[in-house]
Amino acid sequence: MSNVILRFKDVAKQYGNNLVLDHVNLDIFAGEIFGIIGASGSGKTTLLSSMIGFLKIDSGDILFKEEHLLDFYDNQQPFRSVFKKQNEVKRIFGFASQEPSFYTKLTVYENLDYFGSLYGLSKPDRRTNIITLLNLMGLVTAKDVLADHLSGGMQKRLDIACALIHDPKVLILDEPTADLDPFLRKHFWKLIKKINKKGTTIVLASHNLQELETLCNRISILHQSKIVSVGTPDQLKDKYSKDEEIHLETFPGNYKKLIGSLQHKNITKMENKGTELVIYTSQAEKVLHELLHLIEKNNESLIDVRLSKPSLDEVFLSLAKKSRKKLGGKEKDD
């Protein structure tokens with residue numbers, strides 16, 4: 001996946017005294033699902049809004065490329081910027097923000113037809129794209145329903161369908177599963193995978209690290225105005241944490257006593273989560289051997305035990321700690 005479709009070059013953005021983006025450099029590849037994670041207020045929305053030229057940056061540039069149309073460099077014009085090629089940007093990119101962009105007093109079909117006309121699509125092309133999207137997004141039975149009467153999950157589907165009506169190369173999503181229940185979130189991610197399989201590059205920002213871990217090809221972590229790391233979920237885990245997680249469930253589950261008895265020097269952290277004990281260690285086999293001995297000694301019955309790599313939540317916390325150390329222990333205001 002070496003074809004770069006979007007490139008950030010030293011992008012900086014400041015609001016008053018608050019530096020939101022601090023010389024961000026980033027490449028996004030065609031065909032991937034690319035995630036951007038960060039704490040609330042870390043600048044994710046600013047990053048996405050500048051990605052399509054909607055929000056002006058203070059310095060740097062954001063370049064984009066479409067096969068046979070634009071390239072990053074040529075002799076006459078060294079940069080192809082999203083801020084200078086807005087007509088092409090509108091054709092190539094689709095954007096769905098946290099707030100819905102459709103019209104509540106129009107039906108599903110009318111919304112899609114209207115947004116298609118804004119992109120300059122002919123009536124036959126609009127009809128073809130609408131039929132495709134109604135099937136893809138599971139909106140066929142709701143095509144004549146007013147948007148205002150749709151459920152939250154159906155409204156989210158309509159919002160993304162409106163962003164896809166012109167068949168963009170890149171779909172950008174800002175917190176797409178916010179306010180959705182677990183069942184709807186799971187269904188929504190299936191839709192995202194279907195859209196991606198059609199060849200659409202997906203760029204999304206979310207604070208739900210567990211979901212992005214299984215969805216994204218690569219993930220960037222935005223912390224204190226900077227992109228502090230980019231890689232596959234496994235690469236991020238391997239780079240920033242050598243620990244494994246031991247998840248232990250026993251009965252009657254006197255985990256406080258087990259924690260007090262377990263003295264292995266290679267344990268990074270232990271968490272009593274009520275129903276289970278989670279132990280972080282770089283020597284899982286040795287710790288597990290000692291742990292099983294203590295379970296028997298303390299008259300506990302083993303119900304379940306499993307090993308796993310740390311989650312992206314743990315990676316994010318690890319990166320945050322490293323960033324604070326580099327800044328001399330001072331926490332910047334996001």
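Residues are listed down the side, and each one gets a yes or a no for (1) at pLDDT 85 or above; (2) under 25 Å from the mean Cα position of the chain (by Cα); (3) surrounded by fewer than 16 Cβ atoms within 10 Å (Cβ to Cβ); (4) not in a helix (DSSP H, G or I):
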{"site": "Gln235", "(1), (2), (3), (4)": "yes, yes, yes, no"}
{"site": "Gly274", "(1), (2), (3), (4)": "yes, no, yes, yes"}
{"site": "His293", "(1), (2), (3), (4)": "yes, no, yes, no"}
{"site": "Glu296", "(1), (2), (3), (4)": "yes, no, yes, no"}
{"site": "Glu314", "(1), (2), (3), (4)": "no, yes, no, no"}
For this session: Of the conditions (1) in contact with a Leu (Cβ under 7 Å, 6 or more places away or on another chain); (2) closer than 18 Å to Lys226 by Cα, Ile33 clears all except one; give me its number.
Result: (2)
Seminar exercise, completed: Residues of region 239-278 being in contact with a Leu (Cβ under 9 Å, 6 or more places away or on another chain) and small (Gly, Ala, Ser), in sequence order, are Gly253, Ser261
Problem set entry | From Ile279, Ile259, residue being over 30 Å from the mean Cα position of the chain (by Cα) and touching a residue at least 12 places away in the same chain (Cβ under 8 Å) | Ile259
Problem set entry | Exclusive hit being assigned to a loop (DSSP other than H, G, I, E, B), out of contact with any strand residue (DSSP E or B) (no Cβ under 6 Å at 6 or more places or on another chain) and surrounded by 15 or more Cβ atoms within 10 Å (Cβ to Cβ), set Tyr114, Tyr109, Tyr103 | Tyr103
Exercise. Here is a list of conditions, (1) assigned to a strand (DSSP E or B); (2) out of contact with any Phe, Trp or Tyr (no Cβ under 7 Å at 6 or more places or on another chain); (3) farther than 30 Å from Gln14 by Cβ; (4) modelled with pLDDT under 90, and Leu302 meets all of them except one; can you say which number that is?
Worked result: (4)
Exercise. Across region 192-218, what is the number of residues that are modelled with pLDDT of 90 or more, in a loop (DSSP other than H, G, I, E, B) and of a type in the set (Gly, Ala, Ser)?
Worked result: 1
For this session: Sort out which residues of region 220-258 are farther than 17 Å from Tyr280 by Cα and polar (S, T, N, Q), and write them in order of number.
Result: Ser220, Gln224, Ser225, Ser229, Thr232, Gln235, Thr250, Asn254
Seminar exercise, completed: Checking Leu184, Leu136, Leu146, Leu212 in turn, the sole residue that is more than 23 Å from Phe54 (Cα to Cα), touching a Gly at 6+ places or on another chain (Cβ under 8 Å) and surrounded by fewer than 19 Cβ atoms within 10 Å (Cβ to Cβ) turns out to be Leu184
Exercise. Can we say Thr177 is hydroxyl-bearing (Ser, Thr, Tyr), out of contact with any strand residue (DSSP E or B) (no Cβ under 7 Å at 6 or more places or on another chain) and assigned to a helix (DSSP H, G or I)?
Worked result: no
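The values are calculated or read from the model by the stated rules, or taken from the named source; none is laboratory data. Only a predicted model underlies this, so the values are computations on that prediction, with no experimental measurement involved. Virtual Cβ from ideal backbone geometry, glycine too; neighbours counted across all protein chains shown.
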